[in-house]
Structure formats: structure tokens, C-alpha cells
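Everything below concerns the one structure shown next.
The values are calculated or read from the model by the stated rules, or taken from the named source; none is laboratory data. These numbers come from a predicted model, not from an experiment. Every residue, glycine among them, receives a Cβ derived from its backbone with ideal geometry; neighbour counts consider all protein chains shown.
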């Protein structure tokens, strides 16, 4: 459910309980769940706290933000959506997109690259928690990076990481990983208001992935303004999507032109 759906459920439930809400209660609860039943449970627990505060007097009862936050703290809930996007640019950091169940989310992927003292002794490292398919994406990315930059990756120590240890159950982070590595190697900053999804072929083609609708929605929730998707997935973009610009691409060069805020040709090694 959208935050607006959750907020409407909370308001309706409050009317049925006969309790008043101070400003912002529906919005606060919608930050901690996308499930209607869970939203009602949070409200009911806050109602119990408010009733206890008023010594069981239900007349003119109201729920405050402090009541809701106490429920959140005791239940050890975390905000479902955190604002991740920004207008800044960063080297070696990019937003990929994933789906857990039916819910899209933003994946923070980062890369660093260091020249090794002895040529040919470099290595690529990737966190194990991301999963075997993500590791395959890293190896595909290495081939594309060399094709794009002309640099022999065996001369570098490269680390790729998914912040938070998130698991990637598919190849859809491939293009994001390529551009994170390129950014680290070339010391070129990437936009942080853009997220990207797409499998990468060893020829640099951006291939179709699943869950595009969910991924776009997850990106929007995280404050992302632009989403890059495979051209093959253009038909999956929902109509009437407000607040997000969609860039379908066929190649990693086209994606780089969006993320680097310039033409890719300017970044290539001659």
C-alpha cells in the first residue's frame, strides 16, 4: 500500500475507535509500515497508551505523536522508507533497485579502486551477503568496464559493496555495478538523485529485468527523481507516474550519459 492508503486507513480506524488524532499521526504511522493491519495495530497500541494516560477515561480521548513513537520504540520498528536520494554527486556510489516480495527498494552500491604496486596482481572483492547472482554481475561488470575505459582491472584492487549487506536475488544490479566501478576508476562523480536497474551483458547491453513497477515505486519513496531502466522494460512503466522521470536505455553508455550529467564520450579513455 502507498503511504496515502495507510494514512486513510488510520483516519478511518480512529473514527471507529472514537478517538481524536493530533496533527501528523497518520503520516507518522505510514512511515513505519505498508500493511493496513499493522497500521491499525500501531494505532490500537497507541490508543491503549492514551487510555492509560487518561486513567481509562475514553471521553475526549486523543492520541499524540509521543504515544505513537513510544509504540514504535517498544516494538523496535524502523522507518519503512528512508530518504536516500540527494542533489549531491559522489564518486563510486550509485543507487540500484531491488524487489523483496512485492516491495521495491533502493540498494546503495559503492565501489573503490586502488592501483596495486605490482601490475597484474589486482583483485575484485564483493561482499558475500549479496548472493551468488550478484557476484556473477560483478564479473560481467569487470569485462564491460575494461571495454569502456581501456583499463586492465588486474592492475587495481577493486572493492564493491552493497551497503547494509542487502541480498540481490538476481542480475538486475549489473549496470549499476559497472557504473560504480567506472566512477571509482575514473574519479568521476555520479548523480545521487538517480537510480538504475538492468542486467548487463558482457557487450555492454542493458537487458530486461523483472519487478520494474515495484522498483520505480520504491525509488520514488526514497526521493529518487530519475530512474534508468532497460529499453525492453519501457512497456512496464505505469501510466500517470508523477514525480519520477524514466530513462529507458539500450546500452551502458546511454545510462552513463544520464548519471554523469555529461556525454559519455567525454569520459572515455582515448
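Look at (1) crowded, with 20+ Cβ neighbours inside 10 Å; (2) within 17 Å of residue 62 (Cα to Cα) and you find that residue 6 fails only one, number (2). Of the residues making up region 217-243, those that are surrounded by fewer than 22 Cβ atoms within 10 Å (Cβ to Cβ) and part of a loop (DSSP other than H, G, I, E, B) number 10.
Determine whether residue 20 is in contact with a helix residue (DSSP H, G or I) (Cβ under 9 Å, 6 or more places away or on another chain), without any contact (Cβ under 8 Å) to a residue 60 or more places away in the chain and surrounded by fewer than 18 Cβ atoms within 10 Å (Cβ to Cβ). Before you say what the answer is, go through the steps one by one.
Working: in contact with a helix residue (DSSP H, G or I) (Cβ under 9 Å, 6 or more places away or on another chain): yes; without any contact (Cβ under 8 Å) to a residue 60 or more places away in the chain: yes; surrounded by fewer than 18 Cβ atoms within 10 Å (Cβ to Cβ): yes.
Spelling it out, residue 20 is indeed in contact with a helix residue (DSSP H, G or I) (Cβ under 9 Å, 6 or more places away or on another chain), without any contact (Cβ under 8 Å) to a residue 60 or more places away in the chain and surrounded by fewer than 18 Cβ atoms within 10 Å (Cβ to Cβ).
If you check residue 85 against the conditions, is it buried (at least 16 other Cβ atoms within 10 Å of the Cβ), part of a loop (DSSP other than H, G, I, E, B) and at pLDDT 80 or above? Spelling it out, residue 85 is indeed buried (at least 16 other Cβ atoms within 10 Å of the Cβ), part of a loop (DSSP other than H, G, I, E, B) and at pLDDT 80 or above. Quick one: count up the residues across region 184-216 that are crowded, with 18+ Cβ neighbours inside 10 Å and either in a helix (DSSP H, G or I) or without any contact (Cβ under 8 Å) to a residue 60 or more places away in the chain (or both). Number satisfying all stated conditions: 11.
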